[in-house]
Amino acid sequence: MRLTVSTWNINSVRLRIDLVRRFLDEAKPDVLCLQETKCPDDRFPLKELQGFGYPHVVFAGQKGYNGVAILSRLPLVTREVMSFCERQDARHISAVIGPEAGAAAGIAIHDFYVPAGGDVPDAKLNDKFAHKLSFMDELRAWGGRRPSGPAILVGDLNVAPLEHDVWSHKQLLDVVSHTPIETERLESLRGEAGWIDTMRHLRPPPEKIYTWWSYRSPDWAAADKGRRLDHIWVTPDLADTVKSVTVARHTRAWEKPSDHVPVTVELEL
């Protein structure tokens with residue numbers, strides 16, 4: 001059985017719902033995980049998204065900020081929302097693929113939106129950066145006690161962990177998302193819990209991979225100053241099933257795009 005799972009920081013699901021439909025029509029993933037939906041639950045466009053051929057939807061949101069959602073062709077069960085740093089700020093949602101889904105049944109999908117961290121990489125001077133580091137510490141602790149069983153972790157983790165995940169390693173060492181304190185934390189929490197970074201599993205360095213290009217660069221494609229902030233990880237029991245990982249770079253050129261692009265993993269179960 002083939003299972004495809006996509007992740008995309010959509011930067012407002014209502015503003016870009018036509019782009020969601022366009023991507024779903026084009027890529028046809030079995031599951032699409034969204035971050036930064038920026039939508040309270042009572043205004044979430046559930047019926048519209050279900051009308052795109054994804055009847056099973058779970059979501060957690062708030063007004064104007066954050067927000068996560070999972071859209072699926074396959075049945076979903078056991079919706080769960082975890083809170084981090086004693087905040088109810090809609091940065092995680094998970095669901096398990098239901099028993100009717102054949103070989104995919106029982107796979108847990110975790111959708112995360114890690115705090116961006118602001119502009120100053122100093123926890124003493126910047127509360128947003130302190131929050132990001134605390135969030136990652138709690139995520140690290142959760143990873144160590146995560147229930148056993150096959151799982152996929154996706155999302156905008158807001159860290160480009162490796163040298164070739166950014167356009168210039170040297171120039172970005174002091175820039176939030178690629179500082180050593182962030183990259184070491186992310187790689188530690190991933191490694192300690194045994195998660196497999198699917199993109200680098202199939203496409204190891206020195207290949208450059210980016211999933212985000214700043215709005216501040218008007219000619220983003222020519223400058224190509226990107227970062228790999230969006231990730232898909234799997235548990236070791238799924239490592240051998242990973243067949244491809246694709247980055248939909250072309251969506252960054254769509255009208256009124258998100259600054260992130262979708263990433264899709266294909267598993268052969």
Going through segment 103-136 in order, the residues found to be open to solvent by 10 Å² or more (accessible area, probe 1.4 Å) and touching a strand residue (DSSP E or B) at 6+ places or on another chain (Cβ under 9 Å) are Ala103, Ala105, Gly106, Ala108, His110, Tyr113, Ala116, His131, Ser134
Of the listed residues (Thr183, Thr211), the one being closer than 22 Å to Lys132 by Cα, under 18 Å from the mean Cα position of the chain (by Cα) and without any contact (Cβ under 8 Å) to a residue 40 or more places away in the chain is Thr183
Picked from segment 223-243 (must be among the charged types (D, E, K, R) and open to solvent by less than 10 Å² (accessible area, probe 1.4 Å)), the residue farthest from the chain's Cα centre (by Cα) is Arg228
Exercise for the section: Check segment 86-96 and report whether any residue there is modelled with pLDDT of 95 or more, in contact with a Phe, Trp or Tyr (Cβ under 6 Å, 6 or more places away or on another chain) and within 17 Å of Thr7 (Cα to Cα). Expected result: yes
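Just to be sure before I move on: is Val245 farther than 21 Å from Val13 by Cα and modelled with pLDDT of 95 or more in the structure I sent?
Against the criterion (farther than 21 Å from Val13 by Cα and modelled with pLDDT of 95 or more), Val245 qualifies.
Looking at Thr246, is it open to solvent by 50 Å² or more (accessible area, probe 1.4 Å) and among the hydroxyl-bearing types (Ser, Thr, Tyr)?
Values: open to solvent by 50 Å² or more (accessible area, probe 1.4 Å): yes; among the hydroxyl-bearing types (Ser, Thr, Tyr): yes.
Yes: the conditions hold for Thr246.
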Practice prompt. With respect to Ala95, determine if the residue is within 19 Å of the chain's Cα centre (by Cα), buried (at least 23 other Cβ atoms within 10 Å of the Cβ) and assigned to a strand (DSSP E or B).
Written response: yes
Problem - Test: residue in segment 214-222 that is out of contact with any strand residue (DSSP E or B) (no Cβ under 7 Å at 6 or more places or on another chain), buried (at least 20 other Cβ atoms within 10 Å of the Cβ) and in contact (Cβ under 8 Å) with a residue 40 or more places away in the chain - result: no
Across (1) part of a helix (DSSP H, G or I); (2) within 21 Å of Pro150 (Cα to Cα), Asp18 clears everything bar (2)
Residues in segment 26-58 that are touching a Pro at 6+ places or on another chain (Cβ under 8 Å) and open to solvent by 10 Å² or more (accessible area, probe 1.4 Å) total 2
Here the residues within segment 66-87 that are among the polar types (S, T, N, Q), assigned to a strand (DSSP E or B) and open to solvent by 30 Å² or more (accessible area, probe 1.4 Å) are Thr78
Counted residues in segment 35-68 being within 16 Å of the chain's Cα centre (by Cα), among the aliphatic types (A, V, I, L, M) and over 19 Å from Phe135 (Cα atoms) come to 1
Within segment 134-174, of all residues that are assigned to a loop (DSSP other than H, G, I, E, B) and small (Gly, Ala, Ser), the one nearest to Asn9 (Cα to Cα) is Ala160
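The values are calculated or read from the model by the stated rules, or taken from the named source; none is laboratory data. Since we're looking at a predicted model, the values are computed, not measured. A quick note on method: Cβ atoms are made from the backbone with ideal geometry, for glycine too, and the neighbour counts reach across all protein chains shown. SASA here: full protein model, heavy atoms, side chains in, ligands and nucleic acids out. Shrake-Rupley method; radii C 1.70, N 1.55, O 1.52, S 1.80 Å.
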